Every structure is written in structure tokens, then in C-alpha cells.
Amino acid sequence: MFGKIELDEMEITSLVSKTGTTTLLNRSKNIFIYSIDTVKVDVVNYPFDWIEKPIVIEGIRLAGKKDISAMKLNAIAGRGSKKDFIDLFFLLKEYSLAELFEFYKMKYPNGSVFSVLKSLSYFDDADAEPSPKMLVSVEWDHIKNTISEQVKKHLA
């Protein structure tokens, strides 16, 4: 859940605890990370504009795929976790890398596409992480190869 909001820990925890068994895993000034019935949920004060209107399900605002795409590229440029590369792999089934970069520029007008592009070829940190549980089985090497091929295609 993302939005431009002031985060009050007691209020947020009270609200999310109504949805199931809730544990606060981590918190900072702009983010609370919960486990709700074993599902990880991030509540984020996110100062960037939406690319598309958020999806509302049962009163909960969720980022759309274009916003998620931009945020995934931003996350990869920042830390390059395995789960972010995996999410990108699946987003590339729906959007081209050029489209993803357009979403990124819309969301982060001062961001560096060059920095993101460079990060899309660096897998060392992600290689060291355990693979998450997946609903769809995909080999990590296949994910890396697909992303690398898309980067080469984009640069051609």
C-alpha cells in the first residue's frame, strides 16, 4: 500500500490488524512492514505522483502495474534484490523495456535511466540471496538471461 500520507504507527497497526493476525516486522519514518496472516505488507508514505489511478480492492489502495514497474526499476537501481528481478521478469512479459523506462521517467523525472540500465546487468547481490517461494516455477538463470537479452535488445 502506497500513498502520500502521514504514518501514525498506532492508527496503521490498528487498521491492518482488522484484516488478520498482524505482526509489525519493521518500521521507519516512511514505511511500516507487516506480516498479515503470513503475507508481507508494506505501508509506505510515498511522495511520488501516481502514473495511473490506484486500484482499490476492499478499501485498500494498491499501485497499478505501471507504477509497480517504475518502482521495481527504482528498487533494482538501489539494491538489486532477487525478488525485484523476478518481478521485472514477469513485467517484461507484458511490457517492453522501453515502455518500462517510460514509466520510470514519468514516476521519477529526475531519475537516471542510465543508472537503472547499468543495474539491470548486475546480478551479484541477487545471486547470493535465497530464491523466494514462487507460484510459477522459473529458473533464476532463465530470469537473468531474459533480462540481459532485453537490455541488449534495448541498446541495439
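The values are calculated or read from the model by the stated rules, or taken from the named source; none is laboratory data. On a predicted model such as this, the values are computed, not experimentally measured, just so you know. Cβ: placed from backbone, ideal geometry, glycine included. Neighbour counts: every protein chain shown.
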- Query: Within region 16-28, can one find any residue that is of a type in the set (Lys, Arg), in contact (Cβ under 8 Å) with a residue 40 or more places away in the chain and surrounded by fewer than 17 Cβ atoms within 10 Å (Cβ to Cβ)?
  - Reply: no
- Task: For region 110-117, state whether one or more residues are aromatic (Phe, Trp, Tyr) and either farther than 14 Å from LEU97 by Cβ or not assigned by TED's automatic domain parsing to the domain that holds PHE85 (or both).
- Result: no
- Going through region 100-112 one residue at a time, which ones are touching a residue at least 12 places away in the same chain (Cβ under 8 Å) and under 17 Å from ILE51 (Cα atoms)? LEU100, PHE101, PHE103, TYR104, MET106, LYS107, TYR108, GLY111
- Query: LYS40 is checked against (1) farther than 23 Å from MET134 by Cα; (2) touching a residue at least 12 places away in the same chain (Cβ under 8 Å); (3) outside the structural domain of SER148 (by TED's automatic domain parsing) and fails just one. What number does that condition carry?
  - Reply: (1)
- Task: Scan region 137-149 for residues that are farther than 10 Å from ILE86 by Cβ and part of a loop (DSSP other than H, G, I, E, B) and report the count.
- Result: 2
- Task: Report, by residue number, each residue of region 90-116 that is crowded, with 18+ Cβ neighbours inside 10 Å and either among the charged types (D, E, K, R) or farther than 23 Å from PRO47 by Cα (or both).
- Result: LEU91, LEU92, LEU97, LYS107
- surrounded by fewer than 18 Cβ atoms within 10 Å (Cβ to Cβ), modelled with pLDDT under 95 and farther than 30 Å from LEU24 by Cα, is that true of SER121? yes
- Note on the structure: Residues of region 56-87 being free of Cβ contacts under 8 Å to residues at least 60 places away in the same chain, among the charged types (D, E, K, R) and crowded, with 20+ Cβ neighbours inside 10 Å, in sequence order, are LYS66, LYS72, ASP84
